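Worksheet for the structure shown next.
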Amino acid sequence: MKNLIGSTLFAAVLGMAGAAQAEEDFTIALVPGLTTDAFYITMNRGAQAAAEALGITVDFQGAEEFDPVLQTPVLDAVIGRGPDAILIAPTDSTQMIEPLRRAADAGIPVITVDTFIDDGKYQDGGGDGDFPLSYIASDNIGGGRMAARHMAEEIGGKGKVYVSNVRPGISTTDQREEGFKAEMAENYPDIEVLETQYNENDASLAASQFQAVLARNPDIAGVFGANLFSALGAGNGVESASKAEDVTVIAFDAPSSIVNNISSGLVDAAIAQHPAEIGYYGVMTAYAALTGQSVPISIGTGFTVINAENVEDDDIAKFIYAE
Ligand code: T6T
């Protein structure tokens, strides 16, 4: 009798799942910070893997530069097409609140990946940008602190360093700088953090800024590149000035262009985010919400530090971003 009830229940559950599956042909839009960045390309790979597992569609649509003025019309067009949910890396924590509210007002659930709007603490009843359902990302303050510790170790706990960063107003890179400076202030009194150089996500500008900082501070000991283009540019600047021996470069992000510079000794360590995980769990979270499950307010993904000691290891390859 017991078994009969058990198997009847099992069949009923299976039946429900079968029926549900037929109805759940969802389309989720994934709007990256920009389309031509190995970080977001890798995120999309993770998102597509989840979509395939679930039998749903993920459309990757974004602007060619990391800029809220360019991201807003892309988002408006996405809203116009009426996807079932939007996963987005908002390019400014304040300026993208109103454009995203248009999605929420149209009844489209919003989940932010990588970056956040407002204070990044959603669904707590506070702030103008409280409406996204979830935030899936690296712990960027913690990552900034990690970068500072690696920098301090490489330069022997003393000297001048600076942060090469994109522009204020981006949650991720703001938090990396915040974490980096907090760790230095708390634990490394003999390290002086010079004024941040903002490069507008332009690696060439980041490279020329290194030259200018070097001209003013011939004893500069290190640069923290707070994202892919900042780090790439900082490394190129150090290389053009023939300063690879004297200047430590700690990179946030790990495309092959940066990882190759670890082997050559130009970059001392890269803090690899796990963008594929962000994409995968972003899609899973959207799917859970769309099928009536409760979802976590935030999901933190990890880091892998790549340096000369492990760069050739087989199990490191999966953390190098796809291009
Ligand atoms: O560092 C990533 C991302 O986390 C950040 O929000 C913007 O820059 C990158 O896409 C790298 O270019």
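The values are calculated or read from the model by the stated rules, or taken from the named source; none is laboratory data. Note that the structure is a prediction, hence the values are computed from the model and not measured. Glycine gets a Cβ as well: all are built from the backbone with ideal geometry, and neighbour counts include every protein chain shown.
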Selection within region 71-114 - assigned to a helix (DSSP H, G or I) and within 14 Å of the ligand (Cβ to nearest atom):
Q71
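For region 27-57, which positions are of a type in the set (A, V, I, L, M) and under 15 Å from T112 (Cα atoms)?
First, the residues of region 27-57 that are of a type in the set (A, V, I, L, M): 28-31, 34, 38, 41, 43, 47, 49-51, 53-54, 56.
Scanning region 27-57 gives I28, A29, L30, V31, L34, M43, A47.
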Out of region 213-270, which residues are within 16 Å of the ligand (Cβ to nearest atom), out of contact with any strand residue (DSSP E or B) (no Cβ under 6 Å at 6 or more places or on another chain) and small (G, A, S)?
G233, S256, S257
I'd like to know if region 311-321 contains one or more residues that are over 24 Å from F180 (Cα atoms) and in contact with a Phe, Trp or Tyr (Cβ under 9 Å, 6 or more places away or on another chain).
no
Within region 94-120, restricting attention to residues that are more than 17 Å from the chain's Cα centre (by Cα) and touching a residue at least 60 places away in the same chain (Cβ under 8 Å), which residue is surrounded by the most Cβ atoms within 10 Å (Cβ to Cβ)?
P109
The residue that is nearest to the chain's Cα centre (by Cα), considering only those in region 133-176 that are of a type in the set (D, E, K, R) and within 12 Å of the ligand (Cβ to nearest atom), is D139
Does Q123 fit the bill of being assigned to a loop (DSSP other than H, G, I, E, B), over 16 Å from the mean Cα position of the chain (by Cα), within 16 Å of the ligand (Cβ to nearest atom) and touching a residue at least 12 places away in the same chain (Cβ under 8 Å)?
no
Picking from A244, A288, which residue would you name as being in the same structural domain as F26 (by TED's automatic domain parsing), without any contact (Cβ under 8 Å) to a residue 40 or more places away in the chain and hydrophobic (A, V, I, L, M, F, W, C)?
A288
Pick from region 282-323, criterion under 16 Å from the mean Cα position of the chain (by Cα) and crowded, with 23+ Cβ neighbours inside 10 Å, ranking: farthest from N227 (Cα to Cα)
V283
One residue is enough: does region 208-229 have a residue meeting the conditions free of Cβ contacts under 8 Å to residues at least 24 places away in the same chain, hydrophobic (A, V, I, L, M, F, W, C) and not in a loop (DSSP other than H, G, I, E, B)?
yes
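Taking region 123-164 only, how many residues are closer than 18 Å to Q273 by Cβ and of a type outside the set (K, R)?
Step one: filter region 123-164 for residues closer than 18 Å to Q273 by Cβ, giving 134-151, 163-164.
Pick out the ones that are also of a type outside the set (K, R) and you get 134-144, 146-148, 150-151, 163-164.
Number of matching residues: 18.
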Take region 276-323 and flag every residue that is in a helix (DSSP H, G or I), touching a helix residue (DSSP H, G or I) at 6+ places or on another chain (Cβ under 8 Å) and not small (G, A, S).
E277, I278, Y280, Y281, V283, M284, Y287
For region 47-64, how many residues are within 14 Å of the ligand (Cβ to nearest atom) and buried (at least 24 other Cβ atoms within 10 Å of the Cβ)?
1
